[in-house]
1. Being free of Cβ contacts under 8 Å to residues at least 24 places away in the same chain and not in a helix (DSSP H, G or I) is the filter here; which residues of the range 67-87 pass it?
2. At pLDDT 80 or above and part of a helix (DSSP H, G or I): is that true of residue 38 in this structure?
């Protein structure tokens, strides 16, 4: 809508005298400012929406079992901040110790994951 008005004003600039051109220039400038403000408003709403979603995700993580001493594969992946598949690749590559418990579940110790961080990733400690 705004761009169409700007184009109309620019088209008429060729036909008008100097005084009319100055008036139209001010109108075009104000329309341009309105367009920029509209774009900024849309961008601001999208950024706010993004941060609200991230806040929800982080609050859900705080309620997870991240503070346990033993993790299943998904919890260990979350602790290491990677996907479950990426964590499985890390297990295969770095030979992370694990144990099989009743029901065939595999668990990982938090201390082993911390050592992996310290040795391979030069991270002193995971702070939650």
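1. Listed by number, the residues that qualify are 81, 82, 83.
2. Working: at pLDDT 80 or above: yes; part of a helix (DSSP H, G or I): yes.
In short, yes.
The values are calculated or read from the model by the stated rules, or taken from the named source; none is laboratory data. This one's a predicted model, so the numbers in the text were calculated from it and none came from an experiment. Neighbour counts run over all protein chains shown; Cβ positions are idealised from the backbone, glycine included.
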